[in-house]
Number of protein chains: 2
Amino acid sequence: MTAVTLKDVAERAGVSIKTVSNVVRNAPRVSEATRKRVLKAVHELGYRPNPSARRLRTGHSGLIGLAVPDLATPYFAELAQHVRAEAAQLGLTVLIEETSGDATEELRLATGVGASLLDGVILSPLGVSPDELAAVASEFPLVLLGERSYERDQVGADHVLIDNVAAAREATAHLAGLGRTRIAAIGVDRQASATSRQRLEGFQLALHEAGVTYDPRLAPSIKEFDRRNGLLAMRALAALPVGVRPDAVFCFSDLLAVGAQRALFEAGSHIPDDVAVASIDGSDEALYSTPSLTSVVPDKAAIASLAVKCLAARIRSEVPLPFEVHTAPHWLRARESTNGGRQQLFR
Amino acid sequence: MTAVTLKDVAERAGVSIKTVSNVVRNAPRVSEATRKRVLKAVHELGYRPNPSARRLRTGHSGLIGLAVPDLATPYFAELAQHVRAEAAQLGLTVLIEETSGDATEELRLATGVGASLLDGVILSPLGVSPDELAAVASEFPLVLLGERSYERDQVGADHVLIDNVAAAREATAHLAGLGRTRIAAIGVDRQASATSRQRLEGFQLALHEAGVTYDPRLAPSIKEFDRRNGLLAMRALAALPVGVRPDAVFCFSDLLAVGAQRALFEAGSHIPDDVAVASIDGSDEALYSTPSLTSVVPDKAAIASLAVKCLAARIRSEVPLPFEVHTAPHWLRARESTNGGRQQLFR
DNA sequence: TCGATTGGTTCCAACGTTGTAACCGCGAAA
DNA sequence: TTTCGCGGTTACAACGTTGGAACCAATCGA
């Protein structure tokens, strides 16, 4: 309540307000003697700059936003941690927001809270169209994660992503490599998000390469990328007649896979003997699941690093920078849900 | 960048800046005609109030902070969602911060970012002492979740919590009710956090009531409430000689239990026949785990609701309010990890 | 008719900060 | 001696907003 201001510090140190401001901002042209005196007063009074005033005056607050659809999704929670760590290194504070995948909320964040409180936003869009976001990105620092549904020459914002097609292809190829021929896909979503379509593409590509024909019955539509949808989808797949029923399933996210594993457990099916399971996300939850889940692990640290650095550069820059697309690496981690057995996680 | 200000709207509507301000704030004493004209201009220009300026002038920003130790912990992620939902109903925006359980970071959040950017903070402390927080709470709206290590008459801040002793007691009693006599506890932490001590107390209480003597060898110390610590602790417990080895384990968090389940899976033990497992948190991860995990479910919606309402009241109030302690309900959900069997999660 | 009241609007100052320009010594160059 | 440059400091204005007081009709009661 009783906030300490520059004025209080100035009085105590016996200098002008502006000199104190110069000291706290590490501006040049301050004698060593005054600097010491001022810092002493700052410390004694416990002065902390007021971000609102600073932002109002300079247009910069040192705050960036991270907006993800759902924090309870391990992938996003883990990503958030990496983003925080990366931002801290650049002296930036991250404020995390949750959009629930709602288009209005996503736009509000970018234009509303974002534009006048935050210096920039890293957004993982789900509901909002690229066009709308491009309009925002042209006048506010915005880096998009993942979703990129348009062509390379039409980029309207910075992007950081993994090669979704390749990732899905590797996971599916791994399943096919086990000799499985009836491979299902869980994660085709109703709204046909970019991520979902790209992963389906990689899935189909791998099937084709393995000489397996794509059976639409084995690629049911889901509503959300959560455990429940994975469970229900797998339950439906397991109820298919023998001959159609899958012997492997590629899930478009770890949560879907966890749900699928649960459905198989309930049905008394053995993983991977009856059905092998693979997914994408590489979350800790997948690692500890029983059996541990084969998953494509995106380099979250790299994604976070690229996104934060890209955003910071755009914030710093006076002139409009060309939009960039960064691709982060990923690895397939084959575990018990495809290899079988029981491994000790640590040593 | 080209932010629309009150001035722009005023010019367009042909009124003074202050009148526009009155309209957007829903202040009285504005004729219906002007109000309409102004709102039209607001809409046409896409005006959005500048939170920094507003905060600077009024001291209120409509923003509250939620600071939790670790977002990748399902319990906190789910709690965050409830807090967001509750705050939205009161017209408040929630900014989520992660403290990593670091005392300095926790204090920084409450006094630093908090005091000059946010109207108030809901904090789930882990590393910082109640005394330090009480000092902050006396001059800045602060609601604490969970931790309350001092006596009822010494409360120095608002608190929202569940009855940890009772919750631990119920879970342990449930295990004892299965006829288990060698019941272990995983979650006694090195720093002896309040939560950990209260749950240990409830655990011992239930043992006593069941006529089982407490064996310190079955209550190993851990460093963090994560999956890895649960795995390592359970692995060590399972390696104890026959006769000492536990036939049940109560974990102080779902993540610990997930780790413990993994250890039992690796060791080839059957849950619950060989070892029954129960925990506290009631996260979705526990529900979907195989076998599904018996857990004490705190009413997260109630916790969030109480915390947000309490904080909002303190923010609104001009005069210092007496500190309150709210207790939210909890329920034991017995599932496969103690009851055995295979149940279908939905219908 | 006049003063008082009321509804509606405007003017002014201030929140805490920083950019710009101005100021003031002092030593060096002319 | 004067002038210039420069390190170090200060005064002032402004960012967008809102609280308070002032202002200006118009209506009302006496």
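Quick look at the values:
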item	result
Residue list for the range A:38-59, filter: surrounded by fewer than 18 Cβ atoms within 10 Å (Cβ to Cβ), away from chain B (no Cβ under 11 Å) and within 16 Å of DNA strand D (Cβ to nearest atom)	A:39, A:40
Among (1) within 14 Å of another protein chain (Cβ to nearest Cβ); (2) in a loop (DSSP other than H, G, I, E, B) - the single one residue B:228 does not satisfy	(2)
Per-region count, the range A:89-108, residues facing another protein chain (nearest Cβ under 10 Å) and among the hydrophobic types (A, V, I, L, M, F, W, C)	3
Test result for residue B:99, more than 18 Å from residue B:312 (Cβ to Cβ), within 16 Å of DNA strand D (Cβ to nearest atom) and either in the same structural domain as residue B:252 (by TED's automatic domain parsing) or of a type in the set (S, T, N, Q) (or both)	no
Within the range A:2-22, considering residues that are surrounded by fewer than 14 Cβ atoms within 10 Å (Cβ to Cβ) and more than 15 Å from residue A:45 (Cβ to Cβ), the one nearest to the other protein chains (Cβ to nearest Cβ)	A:18
Counted residues, the range A:230-256 - those being farther than 23 Å from residue A:284 by Cα, touching a residue at least 40 places away in the same chain (Cβ under 8 Å) and surrounded by 17 or more Cβ atoms within 10 Å (Cβ to Cβ)	4
Those residues of the range B:198-229 which are β-branched (Val, Ile, Thr) and crowded, with 20+ Cβ neighbours inside 10 Å, in sequence order	B:222
Test: residue B:58 is in contact (Cβ under 8 Å) with a residue 60 or more places away in the chain, within 30 Å of residue A:119 (Cβ to Cβ) and of a type in the set (S, T, N, Q)	no
From the options A:304, A:278, residue that is in contact with a His (Cβ under 9 Å, 6 or more places away or on another chain), buried (at least 20 other Cβ atoms within 10 Å of the Cβ), among the hydrophobic types (A, V, I, L, M, F, W, C) and in a strand (DSSP E or B)	A:278
Which numbered condition residue A:88 misses (of (1) closer than 15 Å to residue B:98 by Cα; (2) within 12 Å of DNA strand C (Cβ to nearest atom))	(2)
Wholly enclosed helices (runs of 4 or more DSSP H) of the range A:1-77 bearing at least 1 residues more than 30 Å from residue A:307 (Cβ to Cβ) and more than 8 Å from DNA strand C (Cβ to nearest atom)	A:6-13, A:17-24, A:32-45
The one condition in (1) outside any helix (DSSP H, G or I); (2) under 17 Å from the mean Cα position of the chain (by Cα); (3) within 9 Å of chain B (Cβ to nearest Cβ); (4) among the hydrophobic types (A, V, I, L, M, F, W, C) that residue A:140 fails to fulfil	(2)
Residue within the range A:322-336 that is crowded, with 18+ Cβ neighbours inside 10 Å, more than 16 Å from the chain's Cα centre (by Cα), within 13 Å of chain B (Cβ to nearest Cβ) and at negative phi present	yes
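Residues are listed down the side, and each one gets a yes or a no for (1) modelled with pLDDT of 90 or more; (2) within 24 Å of residue A:75 (Cα to Cα); (3) of a type outside the set (A, V, I, L, M):
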| position | (1), (2), (3) |
| --- | --- |
| B:74 | yes, yes, yes |
| B:77 | yes, yes, no |
| B:92 | no, no, no |
| B:99 | no, yes, yes |
| B:104 | no, no, yes |
| B:112 | no, no, yes |
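The values are calculated or read from the model by the stated rules, or taken from the named source; none is laboratory data. Here the structure is a predicted model, which means the values were calculated and not measured. Note that each Cβ is placed from the backbone with ideal geometry, even for glycine, and that neighbours are counted across all protein chains shown.
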